[in-house]
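The numbers here are math on the coordinates, done by the rules we state, and not lab data. A quick note: this is a predicted structure, and the numbers were derived from the prediction, not measured. Here the Cβ positions follow ideal geometry from the backbone for every residue, glycine too, while neighbour counts run over all protein chains shown.
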Amino acid sequence: MYVTINAPENELSERFRGYYPVVIDVETAGFNSQTDALLEIAAVTLKMDSSGWLLPDESIFFNVKPFAGANLERAALEFTGIDPFHPLREDVDEGEALAEIFKMVRAGMKANGCKRAILVGHNATFDHNFVMAAADRASTKRNPFHPFSTFDTSALAALVYGQTVLKKACDTAEIEFSTKEAHNAEYDTRKTAELFCRMINRWKTLGGWPLPERSESGDDTATGD
């Protein structure tokens with residue numbers, strides 16, 4: 001049973017040292033963020049209810065046009081099943097996609113009193129590298145994301161569930177996961193958001209959050225004798 005407790009620690013701005021967590025997933029035409037095309041990007045913002053439970057909030061998704069001169073690795077395209085030149089893709093330039101995502105993120109930061117966004121991803125360094133490289137290519141202004149820090153759900157899932165693969169982590173967490181829909185940025189972002197929230201909320205149910213109050217004396221071993 002969830003009990004509503006309105007307290008400062010139940011503000012999203014208090015949970016992650018003022019950072020605003022945003023789940024991001026990208027699908028690409030290779031592993032090199034400097035040379036390989038960004039083909040899909042999705043983002044899910046998060047919110048915290050009055051009892052301190054973390055929940056998915058807004059979402060946004062774009063098919064992205066390969067930037068001029070981008071490398072398209074055949075093996076990567078076969079793995080994702082993406083045809084970058086399909087006439088029905090309704091894709092946009094990477095700068096346009098990031099501008100809309102950043103606009104949504106900045107609005108969420110302001111509404112929650114957060115100072116900066118932090119990218120949450122499954123193997124987050126990969127997603128972060130592609131977001132930053134695309135932002136640099138497009139000269140996108142007011143990038144809200146921390147330049148190097150991330151929250152990696154692969155590492156967190158290894159700690160919580162003993163799993164690092166997204167599907168296996170979701171299965172262990174009892175989150176429905178379809179292999180047919182996987183490797184689609186929109187789907188994987190949604191599942192990563194569910195997994196992140198599940199792990200953060202599990203830590204709370206186990207008594208790990210809010211943190212226990214320290215002794216006023218500053219000595220955690222003090223007994224009062």
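Whole-Hz Karplus ³J(HN,Hα) for the range 64-73, in order, using 6.51 cos²θ - 1.76 cosθ + 1.60 and θ = phi - 60°, x for Gly and Pro?
Going residue by residue, I get 10, 6, x, 5, 4, x, 5, 7, 10, 6 Hz, with x marking Gly and Pro.
If you add up the charges near Gly121, with Lys and Arg at +1 and Asp and Glu at -1, over every other residue whose beta carbon is less than 11 angstrom from its beta carbon, what do you get? Please report the intermediate quantities before stating the final value.
Numbers: positive: none; negative: Asp25, Asp127, Asp152, Asp188.
Combined, the nearby Lys, Arg, Asp and Glu give -4.
Using a Gaussian network model of the chain with C-alpha springs under 10 Å, which one of Ser50, Ser13, Ser33 is most mobile by mean-square fluctuation?
Ser50
What is the gain in length, in nm to one decimal, between Lys167 and Trp209 on full extension, counting 0.36 nm per residue of separation less the C-alpha to C-alpha distance? Don't skip to the answer; put the middle values down first.
On the way: separation 42, 0.36 × 42 = 15.12 nm, distance 2.65 nm.
Full extension from Lys167 to Trp209 adds 12.5 nm.
Check which residues have an amide H placed less than 5 Å from Glu58's amide H, if you skip close sequence neighbours.
So Glu58 has HN proximity to Thr45.
For a quick check of your reading of the filter: which GluC sites (Glu not before Pro) in the range 89-134 sit in a DSSP loop and have no more than 16 other Cβ atoms within 10 Å? Could the numbers behind the result be given before it?
Numbers: sites: Glu90, Glu94, Glu96, Glu100; in loops: Glu90.
Answer by residue number: Glu90.
Filter Lys65/Lys115; Lys141/Lys167; Lys65/Lys141; Lys47/Lys103; Lys103/Lys167 down to the pairs with a C-alpha to C-alpha distance above 24 Å, please. Please report the intermediate quantities before stating the final value.
Values: Lys65/Lys115 31 Å; Lys141/Lys167 35 Å; Lys65/Lys141 20 Å; Lys47/Lys103 17 Å; Lys103/Lys167 30 Å.
Flagged as over cut-off: Lys65/Lys115; Lys141/Lys167; Lys103/Lys167.
Which loop chymotrypsin sites (Phe, Trp or Tyr not before Pro) in the range 6-104, with loop taken from DSSP, have no more than 10 other Cβ atoms within 10 angstrom of their Cβ? Could the numbers behind the result be given before it?
Details: sites: Phe16, Tyr19, Phe31, Trp53, Phe61, Phe62, Phe67, Phe79, Phe85, Phe102; in loops: Phe16, Phe31, Trp53, Phe67, Phe85.
Sparse-neighbourhood loop chymotrypsin sites (Phe, Trp or Tyr not before Pro): Phe85.
Nearest 0.05, what FRET efficiency do Ala138 and Ile175 give at R0 = 30 Å with Cβ-Cβ as r? Could the numbers behind the result be given before it?
Values: r = 34 Å, r/R0 = 1.12.
Rounded to the nearest 0.05, the efficiency is 0.35.
Can you list which of the trypsin sites (Lys or Arg not before Pro) found in the range 3-72 are DSSP loop residues with at most 13 other C-beta atoms within 10 Å? Intermediate values should be presented prior to the final figure.
On the way: sites: Arg15, Arg17, Lys47; in loops: Arg17.
Sparse-neighbourhood loop trypsin sites (Lys or Arg not before Pro): Arg17.
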